[in-house]
Amino acid sequence: MQPYSAQDYAAQLAALLPQGAAWPREPDTVLAGLLTGLAEEPARVDAAAHALLTELDPPQSLELLEAWERVCGLPDGCSQPGETVAERREAVVLRLSAQGGQTPAYFAEVATLLAGAVCTVREYRPFRVGSSTVGDVLTNGDWPQAFTTQAPSVPIRAFRVGQSVVGERLRSWGNERLECIVRRLAPAHSIPMFTYGA
(Lines give C-alpha, C1' and ligand atoms only; values in the text may rest on other atoms or scores of the structure.)
Protein backbone atom coordinates (compact mmCIF):
# COMPACT_ATOMS: atom_id res chain seq x y z
CA MET A 1 0.00 0.00 0.00
CA GLN A 2 1.38 3.38 -1.05
CA PRO A 3 1.11 6.53 1.08
CA TYR A 4 -1.52 9.04 0.07
CA SER A 5 -0.26 12.02 -1.93
CA ALA A 6 -0.96 15.70 -1.29
CA GLN A 7 -3.50 15.59 -4.15
CA ASP A 8 -5.31 12.70 -2.43
CA TYR A 9 -5.52 14.66 0.81
CA ALA A 10 -6.62 17.82 -1.01
CA ALA A 11 -9.44 15.85 -2.64
CA GLN A 12 -10.45 14.47 0.76
CA LEU A 13 -10.47 17.97 2.26
CA ALA A 14 -12.54 19.28 -0.67
CA ALA A 15 -15.06 16.48 -0.12
CA LEU A 16 -15.52 17.64 3.48
CA LEU A 17 -16.45 21.19 2.45
CA PRO A 18 -20.10 22.23 2.71
CA GLN A 19 -22.16 22.66 -0.46
CA GLY A 20 -22.82 26.10 -1.91
CA ALA A 21 -21.50 28.88 -4.09
CA ALA A 22 -19.12 30.08 -1.35
CA TRP A 23 -17.22 26.77 -1.57
CA PRO A 24 -16.06 26.40 -5.19
CA ARG A 25 -14.60 23.08 -6.33
CA GLU A 26 -12.69 24.29 -9.42
CA PRO A 27 -8.91 23.56 -9.28
CA ASP A 28 -7.80 27.14 -10.12
CA THR A 29 -9.57 28.87 -7.20
CA VAL A 30 -7.97 30.35 -4.10
CA LEU A 31 -9.80 27.75 -1.96
CA ALA A 32 -8.34 24.89 -4.02
CA GLY A 33 -4.85 26.37 -3.54
CA LEU A 34 -5.45 26.62 0.22
CA LEU A 35 -6.61 23.00 0.40
CA THR A 36 -3.58 21.88 -1.61
CA GLY A 37 -1.29 23.74 0.79
CA LEU A 38 -3.05 22.27 3.83
CA ALA A 39 -2.80 18.77 2.34
CA GLU A 40 1.02 18.83 2.23
CA GLU A 41 1.47 18.15 5.96
CA PRO A 42 -0.82 15.09 6.25
CA ALA A 43 0.83 13.71 3.09
CA ARG A 44 4.27 14.20 4.68
CA VAL A 45 3.15 12.49 7.90
CA ASP A 46 1.62 9.62 5.91
CA ALA A 47 4.87 9.12 3.95
CA ALA A 48 6.87 9.17 7.21
CA ALA A 49 4.54 6.55 8.73
CA HIS A 50 5.04 4.30 5.71
CA ALA A 51 8.82 4.78 5.95
CA LEU A 52 8.62 3.80 9.62
CA LEU A 53 7.39 0.34 8.58
CA THR A 54 10.70 -0.17 6.76
CA GLU A 55 12.65 1.19 9.74
CA LEU A 56 11.07 -1.45 12.00
CA ASP A 57 13.02 -4.12 10.09
CA PRO A 58 16.65 -3.97 11.35
CA PRO A 59 18.26 -5.20 8.08
CA GLN A 60 16.67 -2.22 6.27
CA SER A 61 16.79 0.40 9.03
CA LEU A 62 18.67 3.66 8.56
CA GLU A 63 16.88 6.41 10.50
CA LEU A 64 16.24 4.16 13.53
CA LEU A 65 19.55 2.28 13.35
CA GLU A 66 20.93 4.14 16.37
CA ALA A 67 17.78 3.26 18.35
CA TRP A 68 18.18 -0.41 17.37
CA GLU A 69 21.83 -0.28 18.47
CA ARG A 70 20.85 1.27 21.82
CA VAL A 71 18.29 -1.50 22.41
CA CYS A 72 20.91 -4.15 21.59
CA GLY A 73 23.69 -2.60 23.68
CA LEU A 74 25.77 -1.67 20.67
CA PRO A 75 28.42 -0.57 19.93
CA ASP A 76 30.24 -3.02 22.16
CA GLY A 77 33.80 -4.22 22.57
CA CYS A 78 33.67 -6.01 19.22
CA SER A 79 32.64 -2.92 17.27
CA GLN A 80 35.29 -1.38 15.06
CA PRO A 81 35.70 2.35 14.47
CA GLY A 82 34.33 3.39 11.10
CA GLU A 83 31.95 0.45 10.67
CA THR A 84 29.73 0.68 7.63
CA VAL A 85 25.95 0.90 7.88
CA ALA A 86 25.72 -2.67 6.57
CA GLU A 87 28.08 -3.92 9.31
CA ARG A 88 26.11 -2.04 11.96
CA ARG A 89 22.85 -3.56 10.69
CA GLU A 90 24.50 -6.99 10.68
CA ALA A 91 25.55 -6.54 14.32
CA VAL A 92 21.98 -5.60 15.31
CA VAL A 93 20.51 -8.61 13.49
CA LEU A 94 23.08 -10.94 15.05
CA ARG A 95 22.38 -9.60 18.54
CA LEU A 96 18.61 -9.91 18.09
CA SER A 97 18.71 -13.37 16.55
CA ALA A 98 21.42 -14.94 18.73
CA GLN A 99 19.81 -17.68 20.79
CA GLY A 100 22.99 -18.77 22.50
CA GLY A 101 24.59 -22.17 22.57
CA GLN A 102 27.78 -24.10 23.07
CA THR A 103 27.65 -26.60 20.23
CA PRO A 104 29.95 -26.56 17.21
CA ALA A 105 26.88 -26.07 15.02
CA TYR A 106 25.97 -22.88 16.89
CA PHE A 107 29.45 -21.38 16.51
CA ALA A 108 29.55 -22.41 12.84
CA GLU A 109 26.21 -20.63 12.30
CA VAL A 110 27.44 -17.44 14.03
CA ALA A 111 30.71 -17.48 12.07
CA THR A 112 28.83 -18.06 8.81
CA LEU A 113 26.62 -15.04 9.49
CA LEU A 114 29.64 -12.86 10.25
CA ALA A 115 31.88 -14.11 7.42
CA GLY A 116 29.17 -14.11 4.78
CA ALA A 117 30.29 -17.59 3.67
CA VAL A 118 30.04 -21.11 5.07
CA CYS A 119 32.29 -21.69 8.09
CA THR A 120 32.97 -24.87 10.02
CA VAL A 121 34.02 -25.60 13.59
CA ARG A 122 36.40 -28.39 14.59
CA GLU A 123 36.59 -29.75 18.12
CA TYR A 124 39.48 -31.73 19.56
CA ARG A 125 39.09 -34.86 21.65
CA PRO A 126 41.78 -36.28 23.90
CA PHE A 127 43.58 -39.40 22.75
CA ARG A 128 41.92 -42.36 24.47
CA VAL A 129 42.93 -45.97 24.42
CA GLY A 130 40.11 -48.02 22.94
CA SER A 131 38.43 -45.21 20.99
CA SER A 132 41.49 -43.61 19.34
CA THR A 133 43.58 -45.44 16.78
CA VAL A 134 47.25 -45.55 15.89
CA GLY A 135 48.14 -42.40 13.98
CA ASP A 136 45.53 -40.17 15.68
CA VAL A 137 46.81 -36.86 16.93
CA LEU A 138 47.70 -36.68 20.62
CA THR A 139 45.37 -33.91 21.74
CA ASN A 140 45.75 -33.99 25.48
CA GLY A 141 46.39 -31.09 27.85
CA ASP A 142 44.40 -28.01 26.86
CA TRP A 143 43.29 -29.42 23.48
CA PRO A 144 39.95 -30.85 24.65
CA GLN A 145 38.97 -27.25 25.59
CA ALA A 146 39.97 -25.84 22.20
CA PHE A 147 37.98 -25.48 19.01
CA THR A 148 38.93 -24.06 15.62
CA THR A 149 36.66 -21.93 13.50
CA GLN A 150 37.53 -22.51 9.84
CA ALA A 151 36.48 -19.52 7.71
CA PRO A 152 37.06 -18.84 4.05
CA SER A 153 39.74 -16.35 3.07
CA VAL A 154 39.67 -12.96 4.76
CA PRO A 155 36.67 -11.12 3.31
CA ILE A 156 36.81 -7.97 1.25
CA ARG A 157 33.81 -5.76 1.94
CA ALA A 158 33.00 -3.46 -0.95
CA PHE A 159 30.88 -0.31 -1.10
CA ARG A 160 27.40 -1.19 -2.37
CA VAL A 161 24.93 1.26 -3.82
CA GLY A 162 21.69 1.11 -1.85
CA GLN A 163 23.32 -0.48 1.21
CA SER A 164 26.27 1.82 1.87
CA VAL A 165 26.12 5.53 2.60
CA VAL A 166 28.23 8.53 1.63
CA GLY A 167 31.50 8.68 3.54
CA GLU A 168 32.04 4.90 3.85
CA ARG A 169 35.23 3.30 2.57
CA LEU A 170 35.09 1.79 -0.91
CA ARG A 171 36.72 -1.43 0.36
CA SER A 172 37.75 -2.90 3.68
CA TRP A 173 39.52 -6.11 4.69
CA GLY A 174 39.69 -8.20 7.83
CA ASN A 175 37.71 -10.42 10.17
CA GLU A 176 38.51 -8.96 13.59
CA ARG A 177 34.81 -8.72 14.33
CA LEU A 178 34.23 -12.44 13.71
CA GLU A 179 37.07 -13.38 16.06
CA CYS A 180 35.94 -10.94 18.74
CA ILE A 181 32.31 -12.11 18.71
CA VAL A 182 33.20 -15.82 18.71
CA ARG A 183 35.58 -15.22 21.63
CA ARG A 184 32.87 -13.28 23.49
CA LEU A 185 30.27 -16.05 22.96
CA ALA A 186 32.65 -18.92 23.70
CA PRO A 187 32.38 -20.64 27.09
CA ALA A 188 34.88 -19.30 29.62
CA HIS A 189 36.87 -22.54 29.78
CA SER A 190 37.27 -22.87 26.00
CA ILE A 191 40.13 -21.78 23.74
CA PRO A 192 38.83 -20.50 20.40
CA MET A 193 41.24 -20.55 17.46
CA PHE A 194 40.77 -19.39 13.85
CA THR A 195 42.01 -20.46 10.46
CA TYR A 196 41.31 -18.86 7.07
CA GLY A 197 41.34 -20.19 3.55
CA ALA A 198 40.53 -23.56 2.06
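Condition check ((1) over 20 Å from residue 157 (Cβ atoms); (2) touching a Phe, Trp or Tyr at 6+ places or on another chain (Cβ under 6 Å); (3) at pLDDT 90 or above) across all residues:
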{"site": "30", "(1), (2), (3)": "yes, no, yes"}
{"site": "41", "(1), (2), (3)": "yes, no, yes"}
{"site": "50", "(1), (2), (3)": "yes, no, yes"}
{"site": "74", "(1), (2), (3)": "no, no, yes"}
{"site": "80", "(1), (2), (3)": "no, no, no"}
{"site": "92", "(1), (2), (3)": "no, yes, yes"}
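Considering segment 160-173, the residues that are free of Cβ contacts under 8 Å to residues at least 60 places away in the same chain and not aliphatic (A, V, I, L, M) include one that is surrounded by the fewest Cβ atoms within 10 Å (Cβ to Cβ), namely 162. Checking the stated criteria, residue 126 turns out to be surrounded by 11 or more Cβ atoms within 10 Å (Cβ to Cβ), in contact (Cβ under 8 Å) with a residue 12 or more places away in the chain, touching a helix residue (DSSP H, G or I) at 6+ places or on another chain (Cβ under 9 Å) and in a loop (DSSP other than H, G, I, E, B).
Restricting to segment 28-53, name every residue that is surrounded by fewer than 13 Cβ atoms within 10 Å (Cβ to Cβ), more than 30 Å from residue 67 (Cβ to Cβ) and of a type outside the set (A, V, I, L, M, F, W, C). Those that are surrounded by fewer than 13 Cβ atoms within 10 Å (Cβ to Cβ), more than 30 Å from residue 67 (Cβ to Cβ) and of a type outside the set (A, V, I, L, M, F, W, C): 28, 29, 33, 37. Scanning segment 73-111 for residues that are surrounded by fewer than 17 Cβ atoms within 10 Å (Cβ to Cβ) and either among the polar types (S, T, N, Q) or assigned to a loop (DSSP other than H, G, I, E, B) (or both) yields a count of 15.
The set of residues in segment 119-150 that are aliphatic (A, V, I, L, M) and at pLDDT 90 or above contains only 121. Scanning segment 153-198 for residues that are part of a strand (DSSP E or B) and β-branched (Val, Ile, Thr) returns 156, 191, 195. Among all positions in segment 171-189, there is no residue which is at pLDDT 85 or above and farther than 24 Å from residue 76 by Cβ. The set of residues in segment 3-32 being under 30 Å from residue 54 (Cα atoms) and either hydroxyl-bearing (Ser, Thr, Tyr) or out of contact with any helix residue (DSSP H, G or I) (no Cβ under 6 Å at 6 or more places or on another chain) (or both) consists of 4, 5, 7, 8, 9, 11, 12. Selection of segment 88-128 for residues being farther than 15 Å from residue 190 by Cβ and of a type in the set (Asp, Glu) yields 90, 109.
Among the residues making up segment 1-27, those that are surrounded by 10 or more Cβ atoms within 10 Å (Cβ to Cβ) and assigned to a helix (DSSP H, G or I) are 6, 7, 8, 9, 10, 11, 12, 13, 14.
Taking the criterion of being farther than 30 Å from residue 9 by Cα and free of Cβ contacts under 8 Å to residues at least 12 places away in the same chain, the residues of segment 32-74 that qualify are 66, 67, 70, 71. Considered as a group, the residues in segment 77-131 that are over 14 Å from the mean Cα position of the chain (by Cα) and of a type in the set (Lys, Arg) include one that is nearest to residue 144 (Cα to Cα), and that residue is 125.
The values are calculated or read from the model by the stated rules, or taken from the named source; none is laboratory data. These numbers were taken from a predicted model, which means no experiment stands behind them. Glycine also receives a Cβ, built like all others from the backbone with ideal geometry; neighbour counts cover every protein chain displayed.
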